[in-house]
Amino acid sequence: MPVHSAEPEIYGSTRRAFHLAVVYALGGIIALFMAIPTALYLLVPPKPRKESGWIDAGDVSQLAPGVPVELSFQESRLDGWRLVTEKKTAWVVKEQDKKIVAFGPQCTHLACAYHWEMEAGRFICPCHGSNFSIDGKVLAGPAPRPLDRYLTKLVNNRLQIGELKQSNPTA
Amino acid sequence: MRKTFGQFIEDLDDRTGLHSGLRKFLYEEIPASSGWHQVFGSIALFLILTQFFTGAMLAFNYAPTPGDAYSSLRYILTEVTAGRLMRGLHHWGASMLIVIVVLHMVQVFLWGAYKKPREGTWMVGVILLLITLAYGLTGYLLPWDNRAYWGTVVTTQIGATVPVVGPYVSRLLASTGDIGVVTFARFYGLHVLMLPPATMLLIVLHIYLVRRHGVAPVPGDEMRRKKSFFPEQVFKDTVAVFIVFVILFVMAIVVRVPLERMADPTDTSYIPRPEWYFLFLFQMLKVFNGPLEVVGTVVLPTLAILALILTPFIDRGRVVRVRQRTLAGGVLILAALGWGGLTVAAVRTTPPQTAASQIDFSGPTQWMQLAPAELAGVHYFRDQHCSTCHNVTGGTPKTGPNLLNTSTRHDASWLMAHFMDPSAVTPGSVMKPVNLGDAELKELLALLLKLTPENGDVTDSAPDFAVEGALLFQKRSCGTCHSVNGVGGRIGPALNGLAGRRTEAWVIQHFQDPQMMSPNTPMPPYKFNDTDMQNLVSYLFTLPDKAPGQ
């Protein structure tokens, strides 16, 4: 063992053992006190901010019943430290009983943007020909489920749009 | 198992030489006189490595462009777990590094350890000191708050006054006009891309030179038995490093590093000041002004740096015994007195910042979340001396009931009736009727109904300028068109996030002449006196980027 013989024995082995123990112990404590905050810093998700979730999409009192309209609204969300504002749209229908429904703007097949065909009286997706009725049911094409709906509520005739809920395939 | 591990180490060493190299490094013989006075180099190395690490951690959540830099740092401080600690470690670590590096130099200086053949080790050390200061200078800008911005404006202006090279320094730092994105990018590039590799190279060179010449002995050492660096000196170094680490860690937790308002180049009320270790230079400029300014900005600093670098050649005496180095000791005491005197003078003569400049944005501050009516209520709360009889936070119980959670006990109409005639509503009450108009009472009501254990301290902590600003906001019915913290009209833009969109000067001009600043705006012009204008604008600039709960 030529490597070990390089070590000169110059002071007592008890003191040496004590010194070694202190070096490792204090070094270990420092490492621990750096490692724990680092793990917390990197791994704990940032504190979520309270989100109200309702976005104002405008006055819907003048909407004609049974005629879908594409409404656009601004959604703000936080991306890390950045406030991102995105333009979003919804197909809004006032039903005969004045109830308001807001559909997500993407076809449930492969997320193409569909539109309302006045003459046909149905929503038609140009990509693969899925057809939906005015209440969102699949009439034709490969779409696996009805159109997705936003949560909605009315405040003083202004439409408030909430989360987009994925529809149930059997509905 | 043990044997296999030993065999593994031996095989590894055969192929790499790492193990024997490490042993050779650690079991270096050092003079018998070595000891506690030589721990500072190791502490400095430890602190530099800590700075590298915490700096990298901060970079994981930091966007190095003005504006984003500020919001990302605020995100680190308010939303990332242990983010405040990470920034505290980096901030105080920088200050401690300066202290330790200077102590390291003082020790080497007093012991005369820079003398032949160790001149090179000393000179590399002086360059490392200058690099440490350069980190401080470039890092100061990176939070992009007012303090960072105005401190850097002064620094770059000083750089520009240097004869001959000044204009080139300005061009290099892109600081000829205003300080903006380009200067920021240069400072960031220096701070994280240029300085760290330079530091690493010079530290390797520094340690190589230390090992080449050995730790400096004192006369008589040759007669005594040498010590081993490991573990005897390493033990002392580790204990010293540990003490410094404990101080650093406690400081990072206890001493809050403020984040001021986002940099506003139009804020003329801001009083720039540099980091504490540059205050002496700052003060020296006050001594030398007019045509002599160049003495303070260039001549003296250059001479000081030259004197430091050339110390081994200026002092060629043989004496290295600490007690016999009276001249060296005298020089050191003079330098310390000069530095200390200038620093104290700078602290004493720099006027205090305005209240608006001192707001700490690094935490969620409850009063910033209040609606204008509630904040204006704080004015009446103080005006009517409500706190003489009522507690809002803890403390010794007073005559009247504690006002926290008032909303769970009473509604607005009850409170209104109570304010008009307390003893009628609450028989036996000794409270006097509150002598305020209807609109004023409504604001006081709004505040009282809002008080909870979480925000109860707003009655104390809300700064006067913001309270007065909110009061003016209410009196001029700004809330008819503008919303603040989710309350108010939708005709004009929401005022949350104003600080990120506009400068103070723009907003002031906009008040005076809305048509000029935004054509076709329905907003009428407003005439405020200077105090009102400053209060209102400062208040609007403290609003959170986003209304709470939105």
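Every number here is computed from the coordinates shown, using simple stated rules; none is lab data. Keep in mind the model is a prediction, meaning the values are calculated, not measured. As a convention, Cβ positions derive from the backbone with ideal geometry for all residues, glycine included, and neighbour counts pool all protein chains shown.
Tabulated data for the structure shown
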{"quantity": "Per-peptide average of other Cβ atoms within 10 Å, ordering A:95-106, B:138-149 highest first", "calculated": "B:138-149, A:95-106"}
{"quantity": "Lys, Arg +1 and Asp, Glu -1 on Cβ, resulting dipole of the protein assembly as shown about Cα centre, debye, nearest 20", "calculated": "2080 debye"}
{"quantity": "Residue-averaged [θ]222 nm for the protein assembly as shown, counting only DSSP H segments that reach four residues, each worth -39500 (n - 2.57)", "calculated": "-15000 deg cm²/dmol"}
{"quantity": "Sorted largest first, extent of the range B:117-228 alpha carbons per principal axis (Å)", "calculated": "64, 30, 21"}
{"quantity": "Nearest 10 degrees, 0 to 90: helix B:326-349 Cα axis against chain B principal axis", "calculated": "10 degrees"}
{"quantity": "Global form of the range B:120-176, assessed from the alpha-carbon gyration tensor, a/c cut-off 1.5", "calculated": "oblate"}
{"quantity": "25 Å Cα-Cα reach of A:K165 towards lysines, excluding residues that sit fewer than 8 places from it in its own chain", "calculated": "A:K47, A:K50, A:K87, A:K88, A:K94, A:K98, A:K99, A:K137, A:K153"}
{"quantity": "Kirkwood-type radius of the range B:312-409, with distances r between different C-alpha atoms, in Å", "calculated": "20.3 Å"}
{"quantity": "For the range B:444-541, the spread of Cα positions along each principal axis, largest first, Å", "calculated": "45, 27, 25"}
{"quantity": "Kirkwood Rh, angstrom, the range B:199-344 [1 / mean 1/r, Cα pairs]", "calculated": "20.7 Å"}
{"quantity": "Partner chain coverage, peptide B:234-241 - average Cβ within 10 angstrom", "calculated": "4"}
{"quantity": "Highest to lowest packing among B:425-437, B:395-407, scored as the average C-beta count within 10 Å", "calculated": "B:395-407, B:425-437"}
{"quantity": "Computed FRET value (nearest 0.05) for A:H128 with B:A59, which takes r as the C-beta separation and R₀ as 45 Å", "calculated": "0.50"}
{"quantity": "B:Q353 versus B:V164: modelled label distance in nm, points set 7 Å from Cα along the beta carbon direction", "calculated": "3.9 nm"}
{"quantity": "Rounded tilt (10° steps) of A:13-43 against the dominant C-alpha axis of chain A", "calculated": "10 degrees"}
{"quantity": "FRET efficiency estimate (nearest 0.05) - Cβ-Cβ, B:S429 to A:S13, R0 60 angstrom", "calculated": "0.15"}
{"quantity": "Highest-fluctuation residue, A:G12, A:G58, A:G129 considered, GNM on chain A with Cα pairs under 10 Å", "calculated": "A:G12"}
{"quantity": "Compactness relative to 2.2 N^0.38 Å, alpha carbon Rg of the range B:255-301", "calculated": "1.50"}
{"quantity": "Degrees separating the helix B:234-254 axis from the principal Cα axis of chain B, which is the longest one", "calculated": "10 degrees"}
{"quantity": "Average other protein chain Cβ within 10 Å of Cβ, residues A:17-24", "calculated": "5"}
{"quantity": "Leading residue at positive end of dipole, the protein assembly as shown (Cβ point charges), from B:L18, B:V299, B:P274", "calculated": "B:L18"}
{"quantity": "P(r) weight above 22 Å for the range B:23-273, C-alpha pairs, percent", "calculated": "61 percent"}
{"quantity": "All Cα pairs of chain B, percent lying beyond 35 Å", "calculated": "53 percent"}
{"quantity": "Rounded if a/c under 1.5, otherwise prolate or oblate - the range A:55-165, Cα gyration tensor axes", "calculated": "oblate"}
{"quantity": "The range B:297-339 and the range B:515-550: distance between their alpha carbon centers, rounded to Å", "calculated": "56 Å"}
{"quantity": "Fraction of the pair-distance distribution of the range B:350-406 above 16 Å, Cα-Cα pairs, percent", "calculated": "62 percent"}
{"quantity": "Gyration tensor (Cα) of the range B:325-367, equivalent ellipsoid semi-axes in angstrom", "calculated": "40, 13, 4"}
{"quantity": "Spin-label pair B:L110/B:V181, simplified geometry with 7 Å Cα→Cβ offset, distance in nm", "calculated": "5.2 nm"}
{"quantity": "Whichever aspartates and glutamates have a C-alpha closer than 19 Å to that of B:K475, once near sequence neighbours (fewer than 8 apart) are set aside", "calculated": "B:E374, B:D383, B:D438, B:E440, B:E443, B:D464, B:D530, B:D532"}
{"quantity": "Pair B:R476, B:A412: separation of 7 Å Cα→Cβ label points (nm)", "calculated": "2.5 nm"}
{"quantity": "Top of A:R122, A:R158, A:R16 by mean-square fluctuation, Gaussian network on chain A, Cα under 10 Å", "calculated": "A:R16"}
{"quantity": "Cysteines (scope the protein assembly as shown) whose Cβ has no counterpart Cys Cβ under 4.7 Å", "calculated": "B:C386, B:C389, B:C478, B:C481"}
{"quantity": "Check: chain A dipole with +1 on Lys, Arg Cβ and -1 on Asp, Glu Cβ, in debye", "calculated": "380 debye"}
{"quantity": "Computed FRET value (nearest 0.05) for B:V218 with B:R171, which takes r as the C-beta separation and R₀ as 51 Å", "calculated": "0.55"}
{"quantity": "Relative contact order [Cα under 8 Å, 6+ residues apart], chain B, whole percent", "calculated": "15 percent"}
{"quantity": "Calculated log₁₀ intensity ratio I(q)/I(0) where the Debye formula runs over C-alpha points of the protein assembly as shown, q = 0.07 Å⁻¹", "calculated": "-0.73"}
{"quantity": "Length added when fully stretched, B:V254-B:S95, from 0.36 nm per residue minus Cα-Cα", "calculated": "55.7 nm"}
